[in-house]
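Heads up, the thing below is written out as structure tokens.
The values are calculated or read from the model by the stated rules, or taken from the named source; none is laboratory data. All of these numbers come straight from a predicted model, not from anything done at the bench. Here Cβ is always computed from backbone atoms with ideal geometry, including for glycine, and neighbour counts include all displayed protein chains. Note: accessible area is taken over every heavy atom of the protein model, side chains too, but ligands, DNA and RNA are not part of it. Shrake-Rupley method; radii C 1.70, N 1.55, O 1.52, S 1.80 Å.
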Amino acid sequence: MTHFEPPMHWADHEDIAMALYEKFGDDFTEAKIYRIRFTDLIEWVLGLDNFDGTREQATEGHLEQIQAKWVYEWRDNQ
């Protein structure tokens, strides 16, 4: 039986951050995460397997929160 995961949306900052950390691991340090261009971040989020949202729904606030949660996730794994 496969495990069903509900789709992620832009407001699911922590879930998105965990998925990005799982995808990129330690390739991105705290400093690098904060330097990621939002245009790149949007593409990476849209490319996540379980993401259900559109480019138009992305806001600066969502992207900032995703970056911050990604940093916390990276720190927790160091």
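Per-structure values
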| quantity | calculated |
| --- | --- |
| Cα gyration tensor shape of the chain, rounded if a/c is under 1.5, else prolate or oblate by comparing a/b with b/c | oblate |
| Contour excess over end-to-end distance, with Cα ends at Thr39 and Glu22 and 0.36 nm allotted per residue | 4.1 nm |
| Cβ-based net charge around Glu22, under 11 Å, with every Lys or Arg adding one and every Asp or Glu removing one | -2 |
| Heavy-atom accessible area ranking, 1.4 Å probe, most first, across Trp70, Trp44 | Trp44, Trp70 |
| Candidate residues Arg35, Arg75: accessible-area rank, largest first, probe 1.4 Å | Arg35, Arg75 |
| Relative contact order [Cα under 8 Å, 6+ residues apart], the chain, whole percent | 50 percent |
| Local electrostatic count, Glu5, Cβ distance below 12 Å [Lys/Arg +1, Asp/Glu -1] | -4 |
| Local electrostatic count at Trp74 - Lys and Arg +1, Asp and Glu -1, tallied over other residues with Cβ under 14 Å | -2 |
